[in-house]
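Report on the structure given below.
The values are calculated or read from the model by the stated rules, or taken from the named source; none is laboratory data. Bear in mind the structure is a predicted one, so any value in this text is a computation, not a measurement. Note that we place each Cβ from the backbone using ideal geometry, even for glycine, and neighbour counts take in every protein chain shown.
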Amino acid sequence: MKECIRCLYTSQHPFGLDFNSEGLCTGCITHDEKFTLDWDNRFKILESRVSEILAAKDRNAQYDCVIPIRGTPEYFYVVDVMKNKLGLKPLVVAYNTQFNSEPGVRNVDLIREVFDVDYVQYTSSPTIYKKLIRETLNKLNSMRWPFLAGYTQFPVQIAAEKGIPLVVWPYHQPTEQAGMHSYTELNEMTRRGRHDFDLMGLEPHELIDVGTLIHPSEVEDIHYPSNSDLKKNSIVGIYLSNYMPWDSRRYSEEMIAKYGASAAKNKRTFDTYDRIDDKTYMTIHDILKQAKLGYSRVTDNLCREIRFKRISKEDARNIEKYYQASYPKKEIEFFLKWLGMKYEGFKWYLDHLPHSVNEEETDTVTLNEVQRKFIDSFIVNHADVHQTEDYIVYGKGLWV
Ligand SMILES: [Zn+2]
């Protein structure tokens, strides 16, 4: 196993990292383009790419683009750019995680409100969603697959149905983490990319089986539109990170200041903006990720902070240990109750994964002054993601 000389990633990163002769990883190498490319010029390239795509727009189409959102501050940024900087009329859409937190629901509602946009949400039936989670937990040790399948399918489906040629994603995760493409390649969304990374190589139809008791109709709504549907509507999915030096932290803080987006304390990471919409992300998902890959979301957050030169590798290493020592047992038990699985069943998965996770909260890692200050520099303007014990499955009307 090889570790990058700058960040915390190793050669075991699932997106495939490579290293140059000095030992710098491809993620860090691509990230450096954020400091060196002419981003004013790249924004002009975005403007011309968008007008080129919109030339194919159906004359009767009501919207210029589809923007998939989640209830976190950085999605405000995507809508802000497309609506206010480029002057487009977006249709904002979301695939419901069903594990929504209060700050997450507030953020989605606020996006509708402040940008005055139409919004469509798709929520799969709880029975089917649970079935898919059980099955992919078995096959991939992942409880995120059904969400990722819906999140990457529904916006494209809506675009095809409504004759909207443009879908706008914030960034391409394999590029942000592992430097898969140079920003100058202007990588766009493909069925293959979705298959390899979002779906972890497993297509919805592969779940149909007598053994799984999953019926074809139960995966219909997560099937990617056909090539002919995509072609007929000339649908293109772009990543904004190719046209602006994407910085989730900076953009989130701008959106909190400008629109009052909610930030909140998270379990297992210092980042108060990342994935605060989904109560399972930094709990059960993060524990499974650590048991599977040997690192967790805090590592992703720290690699970004190191690359932006906001923390040293040494301090990051200690913060990583500090958060990985926390074990959100209460939240895991709550999820398992929802899924109808016993804790022993979950433990079986954990025990069969390559990296061990300590199931007791340990507080042996202490943070120094610099590390505490770094953590405190993240804004918290809303109560803890986990302040209520329930998931908020749908709607607003949370507060009076
Ligand atoms: Zn690196």
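Tabulated values for the structure
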{"item": "Options ILE284, ILE306, ILE319: the member that is under 24 Å from ALA94 (Cβ atoms), of a type in the set (Val, Ile, Thr) and assigned by TED's automatic domain parsing to the domain that holds GLU359", "result": "ILE284"}
{"item": "Residue check for GLY345: in contact with a helix residue (DSSP H, G or I) (Cβ under 9 Å, 6 or more places away or on another chain) and at positive phi", "result": "no"}
{"item": "Residue pairs meeting the criteria (Cβ under 9 Å; at least 6 apart or on separate chains; first touching a residue at least 40 places away in the same chain (Cβ under 8 Å), in the stretch 16-29; second more than 10 Å from the ligand (Cβ to nearest atom) and assigned to a helix (DSSP H, G or I))", "result": "GLY16/PRO174; GLY27/THR175; GLY27/GLU176"}
{"item": "Test result for CYS65, touching a residue at least 12 places away in the same chain (Cβ under 8 Å) and within 12 Å of the ligand (Cβ to nearest atom)", "result": "no"}
{"item": "Residue selected from the stretch 148-196 under the condition in contact (Cβ under 8 Å) with a residue 40 or more places away in the chain and of a type in the set (Gly, Ala, Ser), by the criterion nearest to GLN121 (Cα to Cα)", "result": "GLY150"}
{"item": "Filter pass, ARG317 being at pLDDT 95 or above, within 16 Å of the ligand (Cβ to nearest atom), surrounded by fewer than 20 Cβ atoms within 10 Å (Cβ to Cβ) and not in a helix (DSSP H, G or I)", "result": "no"}
{"item": "For PHE115: the one exception among (1) in contact with a helix residue (DSSP H, G or I) (Cβ under 6 Å, 6 or more places away or on another chain); (2) in contact (Cβ under 8 Å) with a residue 40 or more places away in the chain", "result": "(2)"}
{"item": "Residue in the stretch 369-383 that is small (Gly, Ala, Ser), without any contact (Cβ under 8 Å) to a residue 40 or more places away in the chain, out of contact with any Phe, Trp or Tyr (no Cβ under 8 Å at 6 or more places or on another chain) and surrounded by 11 or more Cβ atoms within 10 Å (Cβ to Cβ) present", "result": "yes"}
{"item": "Answer from LYS309, LYS289, LYS267 - the residue that is away from the ligand (no atom under 16 Å from the Cβ), part of a loop (DSSP other than H, G, I, E, B), basic (Lys, Arg) and closer than 23 Å to GLU176 by Cβ", "result": "LYS267"}
{"item": "Given (1) within 19 Å of the chain's Cα centre (by Cα); (2) surrounded by fewer than 23 Cβ atoms within 10 Å (Cβ to Cβ), index of the condition ALA291 fails", "result": "(1)"}
{"item": "Index of the failed condition, ARG304 passing every other in (1) without any contact (Cβ under 8 Å) to a residue 40 or more places away in the chain; (2) under 16 Å from the mean Cα position of the chain (by Cα); (3) within 16 Å of the ligand (Cβ to nearest atom)", "result": "(1)"}
{"item": "Residue among VAL357, VAL365, VAL393 that is of a type in the set (Val, Ile, Thr) and under 22 Å from the mean Cα position of the chain (by Cα)", "result": "VAL393"}
{"item": "Scope the stretch 26-59; condition away from the ligand (no atom under 16 Å from the Cβ), surrounded by 11 or more Cβ atoms within 10 Å (Cβ to Cβ) and assigned to a loop (DSSP other than H, G, I, E, B); matching residues", "result": "LEU37, ALA56, LYS57, ASP58"}
{"item": "Condition broken by GLN62, with the remaining ones in (1) within 13 Å of LEU166 (Cα to Cα); (2) at pLDDT 95 or above; (3) surrounded by fewer than 20 Cβ atoms within 10 Å (Cβ to Cβ) satisfied", "result": "(2)"}
{"item": "Qualifying residue in the stretch 12-25 (condition: touching a helix residue (DSSP H, G or I) at 6+ places or on another chain (Cβ under 6 Å), outside any loop (DSSP other than H, G, I, E, B), more than 9 Å from the ligand (Cβ to nearest atom) and farther than 30 Å from LYS232 by Cβ)", "result": "no"}
{"item": "Yes/no for PRO68 being in the same structural domain as SER217 (by TED's automatic domain parsing), within 27 Å of LEU148 (Cα to Cα) and at pLDDT below 95", "result": "no"}
{"item": "Qualifying residue in the stretch 260-282 (condition: buried (at least 24 other Cβ atoms within 10 Å of the Cβ), basic (Lys, Arg) and touching a strand residue (DSSP E or B) at 6+ places or on another chain (Cβ under 9 Å))", "result": "yes"}
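Results for (1) closer than 21 Å to THR283 by Cβ; (2) touching a Cys at 6+ places or on another chain (Cβ under 8 Å); (3) modelled with pLDDT under 95, shown as yes or no for each residue.
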{"residue": "ASN84", "(1), (2), (3)": "no, no, no"}
{"residue": "SER125", "(1), (2), (3)": "no, no, yes"}
{"residue": "GLU135", "(1), (2), (3)": "yes, no, yes"}
{"residue": "PRO146", "(1), (2), (3)": "yes, no, no"}
